[in-house]
Structure formats: structure tokens, C-alpha cells
Amino acid sequence: MGKQEDFVLRALEEREVRFVRLWFTDVIGSLKSVAVAPAELEGAFAEGIGFDGSAIEGFARVFEADMLAMPDPSTFQILPWRGEGPATARMFCDIVMPDGSPSYADPRHVLKRTLSKAADRGFTFYTHPEIEFYLMKGLPEHGAEPVPVDRSGYFDHTAQSMGADFRREAITMLESMGISVEFSHHEGGPGQQEIDLRYADALTTADNIMTFRTVIREVALGQDIWATFMPKPFTTHPGSGMHTHVSLFEGDQNAFYEAGAQYQLSQTGRRFIAGILKHAPEISCVTNQWVNSYKRMMFGGEAPSYICWGHNNRSAMVRVPMYKPMKGQSTRVEVRTIDAACNPYLAFAVLLAAGMKGIEGEYELPREAEDDVWSLTERERTSLGIEPLPRNLYEAIKIAEDSELLAETLGEHVFDFFLRNKRAEWDEYRVQVSPFERDRMLPVL
């Protein structure tokens, strides 16, 4: 048994931990949890915890159901919201088959496999997400409009603000679990918040996002309110995204930095952006996986609708933030399509795979978009070679079905199940009769 496992077993005794929750996600990104007693953990490290994979969304068919959850001791943390008394801890798991081989259905393994391919070329992938979400006065009744907890706006400082109190408690809880927070503030919509996590390697960040979503919901419920990462909960207010800053490092050196280059952006960085742009339509159903995701992206509001890049251009899909003198290591690229309701393991995997295709294929970066892309006419965008992103989940699915990049990155099983699940979601959505139709048509038809 290694040092990390020994550390965990000692911590269980010292902190009087009574339950250990083993966490993993299904293919769609829902968090799964099984609690084990501390006495069982030494065996779990050695042999895993068996479970029925066929009962987990997208994991296995009935005749190949047996799977094992192998705890990752490097992710051990005490859960701070469990209050006084005996402590509860958590660890993320890798899912393996009975013969010890990685499960083809484990999203965490999909990301680890993609990171390993980049590592073979000498690259480490870092990500830094800016996570937006809304706080509501409880979960609304079926069909009712949700009510936000405040009427504040972007960066507003309001006396006795519920949002400020919420952010303080949430950040304290996150940092007690080893998740560093860089910034937090009120966002543009009423009740809308943003908390930015400090950059880390992509696997750690994906684990942190899953923990973040759990912490935010727990803190909200503790304050008798409701937190949602739904991309577009209101028709007339901004959607919630997860703008993600990404960079590649070669050892200690930022591979995106080149002194004296335009925007200090290296050829590697330019090709990485070109890869994301070229493959944007086919990875869209993973980075924006819900019917509702496309309602956030269609009508501006700092959400990208078109495939383009720009320097400090917040209407572009990919933005190259302003260079900070003497901080070459901070050169990075911001991808503005992703929303916080995605499966972060799969989203980071396809983002990295697209960027690496750009590097390996030596893609040329298209011309920079210097204008507000939303304000251009369709003809102007066409003349500039700016193509639209998929306009709904159906378009995204149709493009993804023919994507070699997605099939290769996700693996055949995840690729097939994910698309099958998305087709079912689209079919269920399009047969629904909406309030819009009733309000518009019942009085006149």
C-alpha cells in the first residue's frame, strides 16, 4: 500500500471519520455516491468496491454489469457540510472491470486517456473555470417562473446581500476542501453569481467542478434557497456559462507563450485555437449537452453564437486575454462556449483533443474577429468567413454523429450512449407543448 493510502487510513482515525463516500459520475455527468465504513477502506484500496454497472446511466448492459470503484486516495477530503459529530469524507473513484482494466464507460478515464495522449507529446493541460449559477427562492412549482433571491446586477455591492453571504460561506467551504477560489462576484442577472476556481491540471479541475456543484447546492439548501447551473433559466436574463481558460505547459514552460509574437501567443497556441475552432461544431453536443444550452448561446448576452476568435473580444467563441507584462506563464486562451451543466471530464477531454488536432495537423488560425460579432449582419459574417455554432441540440447531434474526433476521444461505448441519450432528450423536448404556444395560440386559434 502506498503513502497516499496510508495517509488516508491515518486521517480516518485522527479525524474520527465514520463514513467515506466514494464518488464518480455517469456518462451524462450526474454524481454517484456509495458510502463505505472506514474498516472497509483498506480492502477498497486493494480490490475496489463492486457495484452493478447496468444500473448506472450509460455504464453497462446487464450481461456485463459487474464493475469496481477504485478510490483515488489523492482526492481524499472531509465533507465540511456534515456538521458536528462524526466526520464524513469523500474520494473520487476510477471505475474498472473485474479483470482490472479501465472501464470504457468511465468519464474520468476518458479524460485521463486524453491527458495521457497529450503527455506523450510532452504537454500538460491546465484549466481555470469561471462558473456562473443562479440562486432562487426555492425550487418553483411545476410550470411556474423561478424567483431570484435578489435584483442586483454585475459586480453590484449591496448591503446585507444574500448573494454575498452565500458566496462567503460557499468559498469558505470550498477552501476547507483544498479547492482554491480566485474571484467571486455578483453576475449580470438577478440572483446570478460567479465563482472562479484557481487554475489546476484538467483532471483536478474536473474533480473540483463536481465538488463545486455539490458544495453550492448544499450551501443553498442550508440557507433555504435553491442553486441552479441550468444554462438559461430565464428568458429575459443572461444565461450561465463556464468560461474556461486553458493552457498547455511543456514542463515548467507555458507552450502558449512566445515573447514578441502577436499577443505573445506562440505558434502552438495559435494552432490549438485553430483546432478548437475547426472542431467546434462537432464537440458542441459535449460542451453544451442540454436542450437548454442552446437558448443561452443564441442571442448574445456574452454567450458565443459564432465560430471565431478575438483578442479581448467577448463576443468571440475563443478569446485571447490581454497579455500581462512579465507574466508570460499566464498566457492562455479562454473558451466561452462551455456551460457549467456539462460533464466536465468529457468536456475537457474533447476540448483538449480538438486543440491537439490543431497542433498535430498544423492548422492555420483564421483571421481574427475584431468587431462585435452579434452586431454584424449575416452577410457581413459570411464575408468574414464566420460560421454559426449549432443552433440547437438536434443540429449538434447530427454533426457529432459523423465526428471521428468525438468517436476516437470518447471511445465507442461512451460515444454511442451519449448520442443515444441526447437524441432521446431532443425527441422528448420537441413533443412538449410550451407555455409560449398556449399563450400565443389559445386566444386566437
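For this structure, a couple of remarks:
- Number of residues in the stretch 347-379 that are acidic (Asp, Glu) and in contact with a helix residue (DSSP H, G or I) (Cβ under 7 Å, 6 or more places away or on another chain) equals 2.
- Failed item in (1) crowded, with 18+ Cβ neighbours inside 10 Å; (2) within 28 Å of THR268 (Cβ to Cβ); (3) in contact with a Gly (Cβ under 9 Å, 6 or more places away or on another chain), with PHE417 passing the rest: (2)
- Residue in the stretch 260-277 that is surrounded by 24 or more Cβ atoms within 10 Å (Cβ to Cβ), within 21 Å of GLY385 (Cα to Cα), among the aliphatic types (A, V, I, L, M) and out of contact with any strand residue (DSSP E or B) (no Cβ under 8 Å at 6 or more places or on another chain) present: no
- The set of residues in the stretch 108-133 being among the acidic types (Asp, Glu) and surrounded by 19 or more Cβ atoms within 10 Å (Cβ to Cβ) consists of GLU130, GLU132.
Residue by residue, here is whether (1) polar (S, T, N, Q); (2) in contact with a helix residue (DSSP H, G or I) (Cβ under 7 Å, 6 or more places away or on another chain); (3) more than 26 Å from ALA396 (Cβ to Cβ); (4) outside the structural domain of ALA353 (by TED's automatic domain parsing) holds:
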| residue | (1), (2), (3), (4) |
| --- | --- |
| VAL215 | no, yes, yes, no |
| VAL219 | no, yes, yes, no |
| ALA255 | no, yes, yes, no |
| GLN262 | yes, no, yes, no |
| THR268 | yes, yes, yes, no |
| ILE276 | no, yes, no, no |
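- Those helices (runs of 4 or more DSSP H) lying entirely in the stretch 252-368 with at least 3 residues within 19 Å of PHE415 (Cα to Cα): 267-287, 344-360
- Each residue in the stretch 2-29 was checked for being on the phi < 0 side of the Ramachandran plot, part of a loop (DSSP other than H, G, I, E, B) and not β-branched (Val, Ile, Thr), and 3 pass.
- Whichever residue in the stretch 44-69 is over 18 Å from PHE92 (Cβ atoms) and in a helix (DSSP H, G or I) and, among such residues, is modelled with the highest pLDDT: SER54
The values are calculated or read from the model by the stated rules, or taken from the named source; none is laboratory data. These numbers come from a predicted model, not from an experiment. So basically every Cβ, Gly included, is an ideal-geometry build from the backbone, and we count neighbours across all protein chains shown.
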